[in-house]
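Working notes for the structure below.
The values are calculated or read from the model by the stated rules, or taken from the named source; none is laboratory data. From a predicted model like this one, the values you see are computed outputs, not experimental measurements. Ideal geometry is used to build each Cβ from the backbone, glycine not excepted, and the neighbour counts take in all protein chains shown. Just so you know, the surface numbers come from the protein's heavy atoms only, side chains and all, with ligands and any DNA or RNA stripped out. Shrake-Rupley method; radii C 1.70, N 1.55, O 1.52, S 1.80 Å.
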Amino acid sequence: MCGIIGYIGDRSLKEVLYNGLVKLEYRGYDSAGISVLSSEQNDNKIATFKATGKLHHLGEKIKNEKIIGHLGIGHTRWATHGVPSTVNSHPHNSSDNSISIVHNGIIENHAELRASLTQKGYKFLSATDTEVIVHLLDDNYTGDLAETLRKILPLLEGTYALACISVKEPDVLVCARKGSPLVVGLGKGENENKENFIASDVSAILEYTDQVIFLDDNEVVAIKKDQVKVWDENHNLKTIAPTTIEWTLETAEKGGYAHFTLKEIHEQPKVISDTLKGKIKGNSAVIDEINLSQEELENISKIHIVACGTSYHAGLTGKYIIESELRIPVEVDVASEFRYNNPIISSTDLVILISQSGETADTLAGLREAKKAGAKTIGIINVMGSNISREADGTIYTNAGLEVGVASTKAFTAQLIALYILTLFLGEKKASISEERRAYMIENLQKLPKMAEEILKMESTIAEKVSIFDGAISSIFIGRNINTAIACEGSLKLKEISYIHAEAYPSGELKHGSLALISDVCPLVAIATKSSTYDKVKSNIEEVKARGGKIITLATVGDKEIANISGEVIYVPEIDELFSPIVNVIPMQILAYYTATSRDLDVDKPRNLAKSVTVE
Ligand code: G6P
């Protein structure tokens, strides 16, 4: 949902800004732009370049431009207010071109602000909510950009991460955030005190530094080459210690794969072991980041899981895991619905927020709603320092590394692992899972990286089976029990990246409506791996076969019978049903990936979508 980059220092501005935007393109890709403060003959000027469409259009535009300067900002957009167009793309400049800004978020009261600025004579060029900010800065300019920004922020309702530069202060980059992510990257090594960066996330600056400052909401920061000043919301200067980021640069590169999505699918064996690492000791799960007392943990009588998209499907899977092992009721809610449904939350409830980014606006709002009700909160989060991880009572970090593909893959498997770990942890604290059972669960978890590797070896076999979707305009995914959630995730993957409509059901539900859709252009994808309900799922597949449906089934290796009723079969290794979601979701991801590439689609950046949705 829009990516921001900013730089002050002596490197090539064009390179730092453009390369940063390349890394951030997954956040939004309908237009992009940069503003640089160029200082030729001691005459400071802001030069702004913008282009609609994917980022490479901007790249072509600036390719032959001589961009000289030491201060600049850049933006890649996912439109909210105003269609994707050059004029609506960021940066937005003041009428005299003296101030330029980029913004991620939504200014909810932009219409009122626009009306009052228009009355004062300001002319608006774009249909964006952002343009009001630059005119407000111009209208209130005190001669100090940071001070001016602090002055106008109380006028803005909504969310923002924003960065601005001014010709009148050529040595400072000024930023602020509220509800949208922004990190400050510090020059390091030889470049300590010689350069600094800002970005929506660390991937954009990882090639230059691993030292970052995470800003809190309502903070304003003034960044010079050799100095970073942060003011809190009461305008007091504060010191924030930098955090060292452990992600490597390789995570931000494709590393020889055709797409980030494919690379991320392949990273899953490692991600599973990395997420387990350090969190399993003997027969116990150890989670250091949970700040709840033994008594608080023992008292938990109900669990809510709140999440969006793929993370919501991890939540659906988590419900089965937790309920079967802990026998505590679990409710799973789509985050955008949760707080509007007047949820019944008590102080002995635990609310689990699952989010790869840790910034999804609806999930964050769900966390705040839960805290307001006095519930305990735990985030299952991938991005360090993100809002949810900082506001929740505890966080389990999924060590998936940077996920760039808009369709989430490795973050999902990592979330599932985190849910198993949390279940083990609560089971021990609440004395509801015996040591023997914990040992069994851990033994199974430890088998998973190897099994994931085995599945990845079947990539080309799975890829050959995508012909089942030739000519398909729709599809139905079925599973049962815990694998209903995986059917949901499989169907989401297919929809997101191949644009084939897909619906998912518990298999027993098929005959109550969706069976009518089965036809040559609507195949069935069934999960029928070994489980307590295997025979039931098999009968449901038979029902589709009897009606001439095209079927592809995920089955357990050695299941010969299934080949008689299903046109195509993908075999996966055998594991206890409780852990089968990890084994089953990987072939679903591969199937969706190759269906999308067979249709020549841009898998990493599906149309209309964005990786992080920081607006409601
Ligand atoms: C967007 C992404 C999805 C993701 C969802 C939730 O819709 O495109 O891939 O699952 O947001 O994101 P989160 O960061 O909260 O997991």
Total formal charge among the other residues, if their Cβ is under 11 angstrom from that of E192, Lys/Arg +1 and Asp/Glu -1: 0
The chain: calculated mean residue ellipticity at 222 nm from DSSP helix runs of at least 4, using -39500 (n - 2.57): -10500 deg cm²/dmol
Region 175-233 shape via C-alpha gyration tensor axes, a/c threshold 1.5: oblate
Between region 540-558 and region 142-158, the alpha-carbon center distance in angstrom: 62
Approximate spin-label separation L155-E454, in nm, with each point projected 7 Å along Cα-to-Cβ: 6.5
Carbon plus sulfur fraction of accessible area for region 526-600, probe 1.4 Å, in percent: 47
From phi via Karplus (6.51, -1.76, 1.60), per-residue ³J(HN,Hα) for region 462-474 in Hz, x at Gly/Pro: 5, 4, 5, 7, 5, 4, 4, 8, 4, x, 6, 10, 8
For A526, residues with placed amide H under 5 Å, excluding near neighbours: I478, I552, T553, L554
Gain upon complete extension [L237, I344; 0.36 nm per residue less C-alpha separation]: 34.5 nm
For V172, net neighbour charge (Lys/Arg +1, Asp/Glu -1) across residues whose Cβ lies under 14 Å away: -1
Flagged links, alpha-carbon separation over 20 Å, of K465/K611; K495/K550; K23/K457; K302/K376; K14/K605; K281/K447: K465/K611; K23/K457; K14/K605
Tilt relative to the chain, helix 131-140 - C-alpha long axis, 0 to 90 degrees, to 10: 30
Long-range HN-HN contacts of V383 with modeled amide H, under 5 Å: G358
Cα-projected label distance for K168 with K63, points at 7 Å along beta-carbon direction, nm: 3.9
For peptides 24-37, 560-573, 419-432, sequence by mean Cβ density within 10 Å, most packed first: 24-37, 419-432, 560-573
Mean Cβ count within 10 Å, highest first, over the residues of peptides 108-120, 451-463: 451-463, 108-120
With eigenvalues of the C-alpha gyration tensor scaled by 5 and rooted, region 526-604, Å: 23, 18, 10
For the chain, convex hull volume per residue from C-alpha positions, Å³: 156
For region 220-229, Karplus couplings with θ = phi - 60° (6.51, -1.76, 1.60), whole Hz, Gly/Pro x: 10, 9, 10, 10, 10, 4, 10, 7, 10, 10
Backbone N under 18 Å from the E192 label point (7 Å along Cα→Cβ), restricted to region 216-232: 224-229
Region 327-347 versus region 251-325: alpha-carbon centroid distance in Å: 20
Whole-Å distance, taken between Cα centres, linking region 72-126 and region 166-181: 15
Rounded accessible area per residue of the chain, 1.4 Å, Å²: 37
Estimated FRET transfer efficiency (D226, Q294; beta-carbon r; R0 45 Å; 0.05): 0.40
Karplus 3J(HN,Hα) series, Hz, for region 3-15 with 6.51 cos²θ - 1.76 cosθ + 1.60 (x for Gly, Pro): x, 10, 9, x, 8, 9, x, 9, 6, 5, 4, 4, 5
